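The values are calculated or read from the model by the stated rules, or taken from the named source; none is laboratory data. Since we're looking at a predicted model, the values are computed, not measured. Heads up, the Cβs are rebuilt from the backbone with ideal geometry, glycines too, and the neighbour counts pull from every protein chain shown. Areas reflect the complete protein model, heavy atoms only, side chains present, ligands, DNA and RNA absent. Shrake-Rupley method; radii C 1.70, N 1.55, O 1.52, S 1.80 Å.
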Amino acid sequence: MPWAAPIGTGRGPLNPYALETMRRRLPDAVLVVDAGLGRPSHAAQVMELGFDAVLLNTAVAQAGDPVRMARAFADGVAAGRAAYESTPMPERAAAQASTPTVGVPFWHAP
């Protein structure tokens, strides 16, 4: 169970590259991110990397509305997992349009 950040900090994934590398190198292992998640978007981020679950306490326990925060984390986990399973587009170093009118000025497009 790798940490996203030191326990109780709520700082989120400090080294997403290391987490992504771990997931790639252990494709069949069940990996749960434990510690350091503070926002639902942090949970979504690690789930997008292919992790199987998140374990958290402080982010919910110390929230102003713990029940609502727990629901938000559940939504973040579901969104991140759905994004991972949908196979997101690869990242690119440079801009590249995906429209069929590449190279045609917008005023000439149909």
> Of V77, G8, L31, which is farthest along the charge dipole of the chain in the positive direction, counting Lys and Arg as +1 and Asp and Glu as -1 at C-beta?
Replying inline: G8
> To the nearest µm²/s, what D does Stokes-Einstein give for the chain at 25 °C and 0.890 mPa s, using the Kirkwood radius over alpha carbon pairs as Rh?
Replying inline: 157 µm²/s
> What distance in nm separates the simple spin-label points at R39 and Q96, each placed 7 Å from Cα in the Cβ direction?
Replying inline: 3.0 nm
> Nearest 20 debye, what's the magnitude of the dipole of the chain about its Cα centre given +1 on Lys and Arg Cβ and -1 on Asp and Glu Cβ?
Replying inline: 160 debye
> Can you list the HN-Hα couplings for the stretch 51-60, worked out from phi with the Karplus curve (6.51, -1.76, 1.60; θ = phi - 60°), rounded to whole Hz and with x for Gly and Pro?
Replying inline: 6, 8, 6, 10, 10, 8, 9, 3, 4, 8
>> With a 10 Å cut-off between alpha carbons and a GNM built on the chain, which of M89, M22, M47 moves the most?
In response: M89
>> Tell me the carbon and sulfur percent of the accessible area for the chain, rounded to whole percent, probe radius 1.4 Å.
In response: 57 percent
> Measuring with a 1.4 Å probe in the full set of protein chains, what accessible area per residue, in whole Å², belongs to the chain?
Replying inline: 69 Å²
